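Notes to accompany the following structure.
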Amino acid sequence: MGTRQIEFQIAADPPPRLDKALSRDVPAEENLSRTRLAKLIDEGAVLVNGAEVRDPKAKVVEGVSVSITVAEAEDSHIGPEDIPLEVVFEDANLIVINKPAGMVVHPAPGSPNGTLVNALLHHCGDDLSGVGGVKRPGIVHRIDKETSGLLVVAKSDAAHHGLAAQFEAHTVERYYRAICYGVPDANDPRLRGVKGVSFEPGNIMRLTTQLARHKTDRQRQAVLFHGGRHAVTRARLVETFGNPAGLALIECWLETGRTHQIRVHMAHAGHGLVGDPVYGGKRKLAAKAFSAATSDAVRAFPRQALHAAVLGFEHPVTGENLRFEAELPEDMQKLIDQLRTPLT
């Protein structure tokens with residue numbers, strides 16, 4: 001494996017610690033995050049005035065010379081595949097994809113190929129500067145295989161570190177569109193009795209629980225109120241369907257980002273998503289409320305009706321505020337058009 005040398009000087013008024021000073025002064029085009037720099041210090045790859053320094057807390061002063069030996073990024077063990085992608089935005093540091101339903105984000109047992117990562121390795125090629133020393137796309141969040149919509153992926157180490165920090169701080173804007181059973185409304189007395197459900201001004205339903213893997217079904221998440229991980233989802237009613245209304249288009253947004261969060265939270269509230277095979281998305285609709293054709297279309301919908309419609313974040317390198325929107329995919333829009341068909 002080849003290496004490259006990065007050489008520069010510490011500028012005026014450096015931070016008191018070596019790792020912070022390197023993070024501030026290392027050339028931006030090297031795309032080295034503070035986490036990566038700390039690892040390089042620990043490996044003995046950092047020389048200050050020609051002397052190896054392994055203490056990240058070591059003090060440095062203005063004008064000292066720094067030399068960092070960085071191994072060229074290794075090729076990923078995951079193979080590239082020529083799979084079409086809908087690219088919404090791309091630069092040297094990150095890429096935003098509108099993922100189709102049916103595509104797994106990352107290879108795993110049972111899905112070794114045909115994933116978004118395989119497609120990105122082919123699409124980006126040598127444009128990947130390396131995440132953690134490996135030429136691979138940096139996955140900082142995921143959406144389920146059968147959920148469509150927007151996903152941001154890091155192409156550089158610095159972008160990966162910066163995006164991960166934003167997701168951890170819950171500052172990333174994420175809005176989803178979904179079709180659910182029933183009508184989540186503050187006027188429904190049943191919802192007032194569901195633990196973890198409350199309503200905010202504007203008829204916004206707030207779901208606050210803990211989530212953890214189900215004890216007996218490892219493919220599912222379970223709602224808890226002790227243990228697990230804190231999870232908060234908000235949902236707003238957009239449109240109702242049926243006479244009387246029996247289905248709804250909702251907009252959901254995440255304060256936290258747990259596995260299956262929207263799906264399990266909406267099911268807990270008694271408003272499971274249409275087509276959801278895991279959390280009960282096959283319910284019988286009232287015969288008088290919908291036409292036979294509409295009921296058939298709902299029953300036949302092959303996946304959870306969930307779409308990641310909006311994604312907003314601060315560019316981790318340039319600081320620019322970015323916000324992207326993706327229209328509903330054809331299958332969901334077709335279902336909504338059918339739901340809007342008057343009952344005759």
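Here are a few things to note about the model shown:
- Any hit, segment 71-85, residues being over 22 Å from the mean Cα position of the chain (by Cα), over 30 Å from GLN304 (Cβ atoms) and open to solvent by less than 50 Å² (accessible area, probe 1.4 Å): yes
- Residues in segment 211-256 that are of a type in the set (Gly, Ala, Ser) and either open to solvent by 30 Å² or more (accessible area, probe 1.4 Å) or in a loop (DSSP other than H, G, I, E, B) (or both): GLY227, GLY228, GLY242, ALA245, GLY246.
- Put simply, of ALA178, ALA159 the only residue that is hydrophobic (A, V, I, L, M, F, W, C), within 30 Å of GLY272 (Cβ to Cβ) and buried (at least 19 other Cβ atoms within 10 Å of the Cβ) is ALA178.
- Any hit, segment 297-313, residues being open to solvent by 30 Å² or more (accessible area, probe 1.4 Å), part of a loop (DSSP other than H, G, I, E, B) and under 30 Å from GLU29 (Cβ atoms): no
- Unique residue being within 20 Å of THR259 (Cβ to Cβ), open to solvent by less than 20 Å² (accessible area, probe 1.4 Å) and either touching a helix residue (DSSP H, G or I) at 6+ places or on another chain (Cβ under 7 Å) or modelled with pLDDT of 85 or more (or both) when the list is GLY130, GLY102, GLY149: GLY149
- The residues listed here are ILE6, ILE97; of these, the one that is in contact with a strand residue (DSSP E or B) (Cβ under 6 Å, 6 or more places away or on another chain), open to solvent by less than 30 Å² (accessible area, probe 1.4 Å) and under 30 Å from MET332 (Cα atoms) is ILE97.
- Cβ-Cβ under 8 Å pairs, at least 6 apart or on other chains, segment 32-50 side assigned to a helix (DSSP H, G or I), far side among the polar types (S, T, N, Q): ARG34/SER23; LEU37/SER23; LEU40/THR69
- Note on segment 181-206: residues that are of a type in the set (Gly, Ala, Ser) and exposed (fewer than 15 other Cβ atoms within 10 Å of the Cβ) total 3.
- Residue pairs meeting the criteria (Cβ under 6 Å; at least 6 apart or on separate chains; first open to solvent by 40 Å² or more (accessible area, probe 1.4 Å), in segment 315-334; second assigned to a loop (DSSP other than H, G, I, E, B)): VAL317/ASN93
- When we screen THR240, THR233, THR259 for residues that are among the β-branched types (Val, Ile, Thr) and farther than 19 Å from LEU311 by Cβ, the only hit is THR240.
- Per the conditions (1) surrounded by fewer than 19 Cβ atoms within 10 Å (Cβ to Cβ); (2) in contact with a Phe, Trp or Tyr (Cβ under 7 Å, 6 or more places away or on another chain); (3) closer than 30 Å to VAL153 by Cα, the sole criterion not satisfied by ARG283 is (3).
The values are calculated or read from the model by the stated rules, or taken from the named source; none is laboratory data. Since this is a predicted model, take the numbers as computed values, not measurements. No Cβ is skipped: glycine too gets one built from the backbone with ideal geometry, and neighbour counts run over all protein chains shown. Accessible surface areas use protein heavy atoms only, side chains included; no ligands, DNA or RNA. Shrake-Rupley method; radii C 1.70, N 1.55, O 1.52, S 1.80 Å.
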